[in-house]
Every structure is written in C-alpha cells, then in structure tokens.
C-alpha cells in the first residue's frame, strides 16, 4: 500500500515488530531449561535441610511447610562446621591471594616483555595443564613432611597455589597483552617504575581478568577434597569439604544433616560470586589466551 504526501507517492513505513530468529528462541529455551535444573537442585538441597532425616527419606520432594532448625544446630555442635568454615576460608583465601600475586607478576612479564625463551615458557605452561594432580601427590607429600608443613594450613595452601598458578598465568597474560602500549609509555613518561605500573595501571585495568581467575581458583581450592584427604588429616585444620565426607560415616544416614551441611558449604561460594559476578563474563571473553 502506498499513500500520497504532497503529491508524491511514498511507501508505507514497515512494521516495527521485532523478529527473533528460530535459533535465538531455541537457545533461550535451552538455557532456561538448564537454569531450572540448576536452581531446582539448589532449592531441593536447601528445602531438605529443614527436614528431619526420616522425612527426607520418605518424601524428599515435599516442600518443608513446617521447617525445623535442628539440623543447623547439629551442624555447628556435632560436626563443628564453624571451624571447618574458618579453615576453608583461610586456606582458600590465602591460595587466591598468592596465586593472584605471583600469577599476576608472571603474567605481566610474559605479556609485556619480549625475551628469549618466552615461547618455551608458554609451551611448558600449556604442557603442565596435561599433568593430573594425583601424579604429583607422592613427591609433594614428601616435601611437606620434610619441611614440617603436613597437617598445617601451609600444607594445603602451597600445593594448591602451585597447582592453580598455570591457569592464572595464562588467563591473566592473555588479558594484560590486550592493554594498549601507549598506556604503558605514558606511565613511563610520568615516572612510573615497573612495580608502580603493575599496581597502579595493570592491576586496576585488569580487574575483570583478576576477578575471573580468583573465582575459579577459590572454587577449585574450596572444593578440593582430594588434597585435603591426603595433606591435612588433623582435625584442627580440616576444611569444610573434609567434614562433609565424614558425615555419612559418623552419623549413619542422617540425610537432613547432610543437606544442611551442603547448604552451608555453598553459601560462601554464592557470596563471593555475587560480589564479583560483573567481572566474570568480561574477564573470560576479553582474556583470551595468547602466545
């Protein structure tokens, strides 16, 4: 259809109704379904944490309309989950700080300097990702015993720091290499040395990459049951994941207590993620690994 405007024929404006491709709609449907499975699993755990063990066994999918707090009381009194929290936060937090410090400095050197052997170092870092963690258990444990670090905080912090450094270096180096050279030259003109440049320029600009690396390192360290079982067997330094592994053996089939312990374990991870979630996507997409 056409209409006349001042003696001229002009086409009628096209409809502004947005059209979504079928592929986009299908993608959102799949993502929505996947998110429901994840959210429901978390809801199922939290819901069962407010039930007694027999109620969980009889009908675990029923909503707890009459919640009980006895499981949370037992979690802090019977399995000392508060001490497990403290140990996990000390170990995981220290691991994150050490990884970001040493990994950030190494990434700064690899991304901003051209020197002989740089590609060889990258090749070694990539190759080290292929080495499984359990292959290094025996030599690492012997070193910890020799240095009197077994069954201490350092006995878990240092192995986890070494194990996560490669990932952090590669992610951070990829992001720092995207920072314009002109920014570095301007800092030199203003009188910045290398350390000041790293702390005042590269560290703030690279916050998305540092946040992405920190959340992954924290999660891997926090959930590392394998290392905790071997390196820290003393009760006073056991992380929370090690306490969870003993609930079934100590208290039989108390599924309500188990659900409560799992719920309490997830809380710190959610809190950490909520604080730095805005940096995660940016750090992962812009921090592509470069050689």
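Each value in this text was obtained by applying a stated rule to the coordinates, not by laboratory testing. As the structure is a computational prediction, the values presented were derived from the model and not from experiment. Positions of Cβ are generated from backbone atoms using ideal geometry, with glycine treated the same way; all protein chains shown enter the neighbour counts.
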- Contact order normalised by residue count of the stretch 72-286, Cα under 8 Å, 6+ apart, percent: 36
- Task: Give the shape of the chain as rounded, prolate or oblate, defined through the alpha-carbon gyration tensor: a ≥ b ≥ c are the square roots of its eigenvalues, a/c under 1.5 means rounded, and otherwise the shape is prolate if a/b is larger than b/c and oblate if not.
- Result: oblate
- Item | Alpha carbon centroid spacing (whole Å) that separates the stretch 107-178 from the stretch 17-77 | 37
- Item | Kirkwood-type radius of the stretch 114-235, with distances r between different C-alpha atoms, in Å | 16.9
- What ranking of 57, 258 emerges when the number of other C-beta atoms within 10 Å of each C-beta is taken as an exposure proxy, fewest first? 57, 258
- Query: Among 36, 203, 98, which one shows the biggest mean-square fluctuation in a GNM of the chain, springs joining Cα atoms closer than 10 Å?
  - Reply: 36
- Message: Which residue fluctuates most in the GNM of the chain (Cα springs below 10 Å): 71, 80, 48?
- Response: 80
- Top mean-square fluctuation among 77, 185, 234, Gaussian network model of the chain, C-alpha springs under 10 Å? 185
- Task: May I have the pair-distance distribution P(r) for the stretch 78-118, computed from all Cα-Cα distances with 10 Å bins from 0 and rounded to whole percent?
- Result: 26, 28, 21, 15, 9, 2
- Item | Percent of Cα-Cα distances greater than 20 Å, calculated over the stretch 43-125 | 62
